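Participant: The structure's right below; bear with me while I get my questions together.
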Amino acid sequence: MRRLTHLERLEAESIHIMREVAAEAAKPVMLYSVGKDSAVMLHLAKKAFYPSPPPFPLMHVDTTWKFKDMYALREKAAQDAGMELLVWQNPEAKERGINPFDHGALHTDMWKTQGLKQALDHHGFDAAFGGARRDEEKSRAKERIFSFRTANHGWDPKQQRPELWNLYNAKKAKGESIRVFPLSNWTELDIWQYIMAENIEIVPLYFAAPRPTYEYEGGLFMADDIDRLEKVMGHRPEITERSVRFRTLGCSPLTGAVESEASTLADVVQEMLLTTTSERQGRVIDQDEGGAGMEKKKQEGYF
Amino acid sequence: MADASYETDALIADDINAYLDQHQNKSLLRFITCGSVDDGKSTLIGRLLYDSKMIFEDQLAALEADSKKVGTQGQDIDFALLVDGLAAEREQGITIDVAYRFFATEKRKFIVADTPGHEQYTRNMVTGASTADCAVILVDARKGMLVQTRRHSYLAHLLGIKHLVLAVNKMDLVDYDQSTFDQIVADYSTFADEIGIETFTAVPISGFKGDNITSSPSANTTWYDGPSLIDHLETIEIANVAAQEKPFRMPVQWVNRPNLDFRGFSGLIGSGTVKRGDAVRIVPSGKTSTIKTIVTYDGELDEAVAGQSVTITLEDEVDCSRGDVIAAADNPPEASDQFEATLVWMDDEALKPGRGYTLKLASQSVTATVQEPKYEINVNNVGGSGEKLATKTLELNSIGVAEIHTDRPITFEAYEDSRALGGFILVDKITNATVGAGMLHFSLRRASNVHWQATTITRDHHADLKNQKPRVLWFTGLSGSGKSTIANAVEQRLNVMNRHTFLLDGDNVRHGLNKDLGFTEADRIENIRRVGEVAKLMTDAGLIVLTAFISPFRAERDLVRAMMEDCEFIEIFVDTPLEVAEQRDVKGLYKKARSGDLKNFTGIDSPYEAPDEPEIRVNTVEMTVEEAADHIISQIMPLK
């Protein structure tokens, strides 16, 4: 008799989900954002199929505005896992020079929402793993593990398939696809505990270090590429070196830094537990259109 | 307000490593909360999240603002707003789907399925209950047991939940009166006995005020000597642990074959434990072998238990693939193709008895047909008289007991013994929607006792002797489209070519084999199923079978297709527009249908679903009968 811990059970569930997709989908892909949740998801994929490499590629839907450290880890992680890395940058957004300063919400829509749809269509993927968790946000709490999308990538919360036991219905018509969330039942603390227990490599930006920062519209940001910032902002932002870290990673000009001295995993978890603002607050995305921001984005095809 | 208690665990600040150690080895309990609309479910869950410090300050600020704006608790915090997710339902003030919430105490992580209480959403509650170890049934202390209380308890019991908690909520609104609580508990006990619930635990609470949620007894209920809700949830035995006591079963999900030297079978262990060297049996083939290694990314294991995802290698080269179950050699599960099951219908379109659905059970997917239900269960009157209702079908959110037949044997166990091998879903073959869920009770015949007679002369021998490849040429089209005429012409040509054929004609079959069937949708489905079975036997005998049936429903044609060997089913769409067929009206049937003398006539008051991708299509407006027959012959060459 052996009592499994909550992490062991979460791990077993995630692995089971990934194997179901590998067995039933025609052409799956794992979306990889280089954040800590992606790191855990990738680690679980390695475990699920060992000694084979995961039988699908990794894909990064890039905005060209991610942190340099993220790009570096992206290449290394794919290589370590023995997986093909696909990168997609929306050609239209690239041509129009869409950026977070001049284009606001359009930046996320063009690079991420539209970019993701283009990438999935271009490669013909019929199932895409994503690292979203149900504890992140209210509308996520109701999303299925296998989330069915129309040929236009739309999500209809009223037409979700009931999901019973651990039986997932992966059937779909031509052109339709499924987003699969193997980390649905993990919480932020579970993710951190698992990273510690499994010694998973994550982007160093999660740990506090002295970094060049600037203030913008009341938030604190890191100047990851000062020359590019200057070009887009029209002036060189005033840089101050501060000990900062990031609680969530997205586009560098959209991801608020927090002043912190937490330089180890235990410190970071301690800070996370003691802090009284929730994870996504550092990201601008959920605050659009009142509380219904994420729900609306998902109906339009955002992950 | 409870703001004063809103402090984080002191250990986090004092010794984070000790805190992490403590939390690294928690167990995991999944439970479901059920109650009717106003029983305060969302408030209770909001309270649990709040009391276990799962709400951040910014969320708290948003909550306070929302409470004032749309809350139903005046100036107080409306905890329900924390958990009522989607915008549409926030406006309606009700929860419409299953939402999953998370919180943790020092001992356990909890996953809560929050499911709605109103009648039309049985499917959501069943979904939430399917993964739960425990159900918290909420009752409003002012109202006592309601019809919904009985229904929710029944559903929880039906889904095999062993631990029931009766949470008598809103005790603050009855002045924490002990006799009110005692009366509700007594009423519930009587009901629980009636429907076979062995034990339950009753707790008097106030989700709104916080009484007996985290500690007990609250100052307001000094008469209560039981555990608080959380204390109780922390001590419930987890089903996953109990499953380890049962015989070993692992449904194979995926065959792991990185190179020629390694062949592993990956799966989630459904029950029991497994060790290196254990004797195992592959079901349904019955082949035996021995466990060679239990492989994981973290190294080989000596032993693995129910709930772990592993990869197993065997000592022998035995056939084993997705859908098979690796089981204890001396105690394997049965395989069968006919069952009795309880079905919960989850789709707007009612169950069609006789139609082929995809049945998924563990990693097995087969085609299954459901017979006309034996009865429907009146969930509002379980335990009472009138519990069983006569019915011919199951509508959305109804529950019934029916026979299920599968097109090949599947490995199973009774649901009460194993959720992993006893629970299944039904998927519509056209819409791909999950239309039903079921729990197997028992096999109607021991398939293991009706082995296929291994005949010496096989279907290949029959076909070889006739110098042909057996096939079914399935003509479908409207009445009067020319199916029989063209099929007849095709058969003549095959006969001239010395081929052995048989023509099954719709009208002729109805004089004999199917004379007991009428023209309702259900009867038409059964008509086609029987013809399919006869055609199948004839292909086994090596014949080229021609069938001429309207066969209006795509699902039934696909069902017949699924019965046949690959490439042996040739669907021929005799494509004649309704106006043309009606004009021909060889048998005068359209006239009768138009005048109302003939009901359920395809094309008039019953639909015809044209094939999407038939193997062959003939257009009888552009082609003569002779041209159509020649075209079909050219398409099915060579004949061997």
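Participant: Looking only at the stretch B:277-304, which residues are more than 14 Å from chain A (Cβ to nearest Cβ) and of a type in the set (A, V, I, L, M)?
Facilitator: B:Ala279, B:Val280, B:Ile282, B:Val283, B:Ile291
Participant: So which residues in the stretch B:414-427 are at pLDDT 95 or above and within 9 Å of chain A (Cβ to nearest Cβ)?
Facilitator: B:Gly423, B:Phe424, B:Ile425, B:Val427 - these are the residues of the stretch B:414-427 that are at pLDDT 95 or above and within 9 Å of chain A (Cβ to nearest Cβ).
Participant: Condition (residue is among the small types (Gly, Ala, Ser), over 25 Å from B:Arg617 (Cβ atoms), surrounded by fewer than 18 Cβ atoms within 10 Å (Cβ to Cβ) and under 35 Å from the mean Cα position of the chain (by Cα)) applied to the stretch B:535-545: is it met by at least one residue?
Facilitator: no
Participant: Let me ask another. For the stretch A:31-54, give me each residue that is touching a residue at least 40 places away in the same chain (Cβ under 8 Å), within 14 Å of chain B (Cβ to nearest Cβ) and not hydrophobic (A, V, I, L, M, F, W, C).
Facilitator: A:His43
Participant: Return the residue satisfying two criteria in turn: it lies in the stretch B:500-517 and is more than 16 Å from B:Arg529 (Cβ to Cβ) and touching a strand residue (DSSP E or B) at 6+ places or on another chain (Cβ under 6 Å), and of such residues it is surrounded by the fewest Cβ atoms within 10 Å (Cβ to Cβ).
Facilitator: In this case the residue turns out to be B:Phe502.
Participant: How many residues are surrounded by fewer than 15 Cβ atoms within 10 Å (Cβ to Cβ), closer than 24 Å to B:Ala132 by Cα and not small (Gly, Ala, Ser) if we restrict to the stretch B:222-242?
Facilitator: 2
Participant: Restricted to the stretch B:331-353, and to residues that are more than 14 Å from chain A (Cβ to nearest Cβ) and aliphatic (A, V, I, L, M), which residue is nearest to the chain's Cα centre (by Cα)?
Facilitator: Result: B:Leu351.
This table checks each residue for (1) in a strand (DSSP E or B); (2) closer than 16 Å to B:Val136 by Cα; (3) assigned by TED's automatic domain parsing to the domain that holds B:His163; (4) more than 35 Å from the chain's Cα centre (by Cα).
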| position | (1), (2), (3), (4) |
| --- | --- |
| B:Val185 | no, yes, yes, no |
| B:Glu194 | no, no, yes, no |
| B:Thr199 | no, yes, yes, no |
| B:Pro217 | no, no, yes, yes |
| B:Asn220 | no, no, yes, yes |
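Participant: Out of the stretch A:235-259, which residues are of a type in the set (Gly, Ala, Ser), within 12 Å of A:Thr213 (Cβ to Cβ) and more than 14 Å from chain B (Cβ to nearest Cβ)?
Facilitator: A:Ser243, A:Ser252, A:Ala257, listed by residue number.
Participant: Any residue at all in the stretch B:597-604 that is in contact with a Pro (Cβ under 6 Å, 6 or more places away or on another chain), modelled with pLDDT under 90, surrounded by 14 or more Cβ atoms within 10 Å (Cβ to Cβ) and not in a loop (DSSP other than H, G, I, E, B)?
Facilitator: Yes, that holds for at least one residue.
Participant: Okay, moving on. Looking at (1) buried (at least 24 other Cβ atoms within 10 Å of the Cβ); (2) away from chain B (no Cβ under 14 Å), which is the one condition that is false for A:Phe67?
Facilitator: (1)
Participant: Return the residues of the stretch A:68-85 that are without any contact (Cβ under 8 Å) to a residue 40 or more places away in the chain and within 15 Å of the chain's Cα centre (by Cα); say none if nothing qualifies.
Facilitator: A:Tyr71
Condition check ((1) under 30 Å from B:Gly272 (Cα atoms); (2) surrounded by fewer than 21 Cβ atoms within 10 Å (Cβ to Cβ)) across all residues:
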| residue | (1), (2) |
| --- | --- |
| A:Thr5 | yes, yes |
| A:Glu13 | yes, no |
| A:Ala23 | yes, yes |
| A:Ala26 | no, yes |
| A:Pro51 | yes, yes |
| A:Phe56 | no, no |
| A:Glu75 | no, yes |
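Participant: Here's another thing I want to ask about it. Return a yes/no flag: does the stretch A:206-217 have any residue that is crowded, with 20+ Cβ neighbours inside 10 Å and either within 14 Å of chain B (Cβ to nearest Cβ) or closer than 30 Å to A:Ile15 by Cβ (or both).
Facilitator: Looking through the stretch A:206-217, at least one residue is crowded, with 20+ Cβ neighbours inside 10 Å and either within 14 Å of chain B (Cβ to nearest Cβ) or closer than 30 Å to A:Ile15 by Cβ (or both).
Participant: Given the structure, is B:Ser153 away from chain A (no Cβ under 14 Å), surrounded by fewer than 22 Cβ atoms within 10 Å (Cβ to Cβ), among the polar types (S, T, N, Q) and not in a loop (DSSP other than H, G, I, E, B)?
Facilitator: So B:Ser153 fails the test.
Participant: Also, quick follow-up: Any residue at all in the stretch B:200-216 that is in contact with a Cys (Cβ under 8 Å, 6 or more places away or on another chain) and either within 30 Å of A:Val21 (Cβ to Cβ) or modelled with pLDDT under 95 (or both)?
Facilitator: no
Participant: Tell me which residues, restricted to the stretch B:486-499, are crowded, with 18+ Cβ neighbours inside 10 Å and either free of Cβ contacts under 8 Å to residues at least 24 places away in the same chain or closer than 22 Å to B:Ala610 by Cα (or both).
Facilitator: B:Ile486, B:Ala487, B:Val490
Participant: Here's another thing I want to ask about it. Being within 17 Å of A:Lys66 (Cβ to Cβ), buried (at least 18 other Cβ atoms within 10 Å of the Cβ), modelled with pLDDT under 80 and under 20 Å from the mean Cα position of the chain (by Cα): is that true of A:Phe303 here?
Facilitator: yes
Participant: For the stretch A:104-116, does any single residue satisfy the condition of being assigned by TED's automatic domain parsing to the domain that holds A:Ala12, in a loop (DSSP other than H, G, I, E, B) and closer than 30 Å to A:Val232 by Cα?
Facilitator: There is at least one residue in the stretch A:104-116 that is assigned by TED's automatic domain parsing to the domain that holds A:Ala12, in a loop (DSSP other than H, G, I, E, B) and closer than 30 Å to A:Val232 by Cα.
Participant: Report whether or not B:Arg510 is at negative phi and within 33 Å of the chain's Cα centre (by Cα).
Facilitator: No, not satisfied.
Participant: Out of everything in the stretch A:149-198 that is in contact with a Gly (Cβ under 7 Å, 6 or more places away or on another chain) and among the small types (Gly, Ala, Ser), what residue ends up being farthest from the other protein chains (Cβ to nearest Cβ)?
Facilitator: A:Gly154
Participant: Still on this structure: Anything in the stretch B:276-320 that is surrounded by 15 or more Cβ atoms within 10 Å (Cβ to Cβ) and acidic (Asp, Glu)? List them, or say none.
Facilitator: B:Asp278
Participant: If you don't mind, there's one more thing I want to ask. Is it true that some residue in the stretch B:310-330 is more than 10 Å from chain A (Cβ to nearest Cβ) and out of contact with any strand residue (DSSP E or B) (no Cβ under 9 Å at 6 or more places or on another chain)?
Facilitator: No - not one qualifying residue is present in the stretch B:310-330.
The values are calculated or read from the model by the stated rules, or taken from the named source; none is laboratory data. As the structure is a computational prediction, the values presented were derived from the model and not from experiment. Neighbour counts run over all protein chains shown; Cβ positions are idealised from the backbone, glycine included.
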